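For reference, the structure discussed in these notes is given below.
Read-outs: derived from the displayed coordinates by stated rules, not from any lab. For clarity, every value in this text was computed on a predicted model and none was experimentally measured.
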Amino acid sequence: MHGPKGMDFPNEIIYTEVLKPERIVYTHTEPKFDCTVTFEKFAGKTKLTMSMVFESADVYNFVVKEHGAIEGQVQTITRLEEHLAKMQEGQEFTISKEFNAPRKLVYKVFTEAEHLEKWWGPPGAGITVSRFDFSPGGMFLYSAKGPMGEMWGRFVYCEMTEPERVVFINSFSDKDGGITPNPFMPNWPLEVLNIATLTEHDGKTTMALRGGPINSTEEQLQVFKSMSGSMQQGFAGTFSQLDEYLKKTSACVTYLLEIKYIHNSKKTYHGNHE
């Protein structure tokens, strides 16, 4: 290893266990310590954990306190993160839109079946909700009818933080909720991880949606990347439908609040008059 001050530090690592893609165990020979690296999958991301065992307190102090091993590992993992980002460059789709509605309302119509069926889907293709379970691991299963016939789609929800964020994996599916290839594009990724975040400012809400393939082949990744323009157009149409639906829903909520106000203001007082 080439150090920041121009010094070279010889290192030797002996791998003692490799279990793809879950765990790597190795021994660093000088100074001697054992290291276990685990990889945990969650919602399309990976949690990396490193644990190191030293043969003595003196070795621990030498590695951690004198040579700053913890700070060094943080820097190494940061470089790994940057390298992974470069590897995935162009493999993520992003779109955002501002809505003239409070965040709680936008979250509500994005997470309840009775509202989703009013606006979700490509323009001109109404959907019918077959199954809906808004909980971690739950599924939103729906059918859509358009000019090219009927097709099925599904969300599998990973996590949710009301009213800020929803993470889900969407796929084409059959009527029972099983994953199927895109009927119009067989090399489309089977699963796409999506992260929707909602931020509010001055009574308006911006929804930012970013997504990318998971468990995909190189060919599927390239197909996804090549369709970025079409996805922008498609989601723009879907968000326009959401915008119109929110206008109607907001007007309805305002009307109900006005009715309640009028009703309360008409209360009369009956008392004794002398």
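Structure above, values below:
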| quantity | calculated |
| --- | --- |
| Region 76-81 - phi-based ³J(HN,Hα) in whole Hz, Karplus 6.51/-1.76/1.60, Gly and Pro as x | 5, 5, 4, 5, 4, 4 |
| Size of region 93-264 as Cα extents on the principal axes (Å, biggest first) | 62, 31, 30 |
| Evaluated over region 13-87, the Cα radius of gyration and Dmax, each in Å | 13.8, 40 |
| Cα-based reach from Lys225 at 16 Å (exclusive), listing aspartates and glutamates while leaving out same-chain residues under 8 positions away | Glu89, Glu92, Glu191 |
| Candidate aspartates and glutamates for bridging to Lys104, where Cα separation is under 20 Å - those fewer than 8 sequence places away on the same chain excluded | Glu112, Glu114, Glu117, Asp133, Glu159, Glu162, Glu164, Glu200, Asp202, Asp243, Glu244, Glu258 |
| Flagged links, alpha-carbon separation over 20 Å, of Lys45/Lys65; Lys118/Lys247; Lys118/Lys145; Lys20/Lys41 | Lys45/Lys65 |
